[in-house]
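The numbers here are math on the coordinates, done by the rules we state, and not lab data. Source: prediction; values computed, not measured. Here the Cβ is made from the backbone with ideal geometry for all residues, glycine too, and neighbour counts use every protein chain on show.
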Amino acid sequence: MPLNIRGVEIYPQQLDRPAQEALVEELRAVQAVAPLFSPRTRGGQMSVRMTSAGKYGWYSDGRGYRYESTHPGGGDWPAIPASVLALWHELTGLDRAPDCCLVNYYGDTARMGLHQDRDEADFSWPVMSVSLGDDGLFRIGNETRGGKTESIWLASGDVALLTGPSRLVHHGIDRIRPGSSTLLAKGGRINLTCRVVD
């Protein structure tokens, strides 16, 4: 049974170590086609590096946040790995596949401020988040900005599902715990976020 924190369903160790290692290899193939890049927001450069797989990739620059059909370096985004799609279908129970699998890489000092996933057309579809590598301190807030928050350390292999009332809660990663996992040879944390865009 998943943990439930403010409506967010947390599945501890949903992926065992062999499954994590296999997924990392699939993500290396994604990055070979669509290399990691450092997006900018109106407030400056983000501390995470990212890429995407699927029909769309998430992108940000001085014009704001949006989905793009091509990588900023040119070319289509690669397909979402089959294991990620299988996990999505298993946990969501949906036939509909996600349009985007955002791949965020967190180095030792990277973080992600509290935000909502609001760039999609229909908020009734869930958001699935997969953690790989070093632990990340996941903060969960409210649908409106401000107020009390709760935090939980997400470990490698954990999966979070934002669905129903939790779909629009503010959430973010305060920090990672360097050296807490041996999954990634150079350390750090990878987070996958799957969303239906259209």
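List of remarks:
- Extension gain from Asp122 to Met1, taking 0.36 nm per residue of separation minus the Cα-Cα distance: 40.8 nm
- For the chain, the equivalent ellipsoid derived from the alpha-carbon gyration tensor has semi-axes of 21, 20, 19 Å in decreasing order.
- Neighbourhood charge, 10 Å Cβ-Cβ cut-off, centred on Asp135 and excluding it, Lys, Arg +1 and Asp, Glu -1: +1
- Peptides ranked, highest mean first, by Cβ atoms within 10 Å: ranges 119-129, 102-112, 137-147: 102-112, 119-129, 137-147
- A simple spin-label model places the labels of Ala22 and Asp198 2.9 nm from each other, with each point 7 Å out along Cα-to-Cβ.
- Size-normalised alpha-carbon gyration radius of the range 54-117, reference 2.2 N^0.38 Å: 1.30
- Principal axis dimensions, largest first and in whole angstrom, of the range 1-80 by Cα: 41, 32, 22
- Only helices enter this figure: runs of n ≥ 4 DSSP H residues, each worth -39500 (n - 2.57), summed and divided by the residues of the chain, yield -4500 deg cm²/dmol at 222 nm to the nearest 500.
- Distance from the C-alpha centroid of the range 131-148 to that of the range 48-90: 22 Å, rounded to the whole angstrom.
- Residue order, fewest to most surrounding Cβ atoms within 10 angstrom, among Ser180, Ser156: Ser180, Ser156
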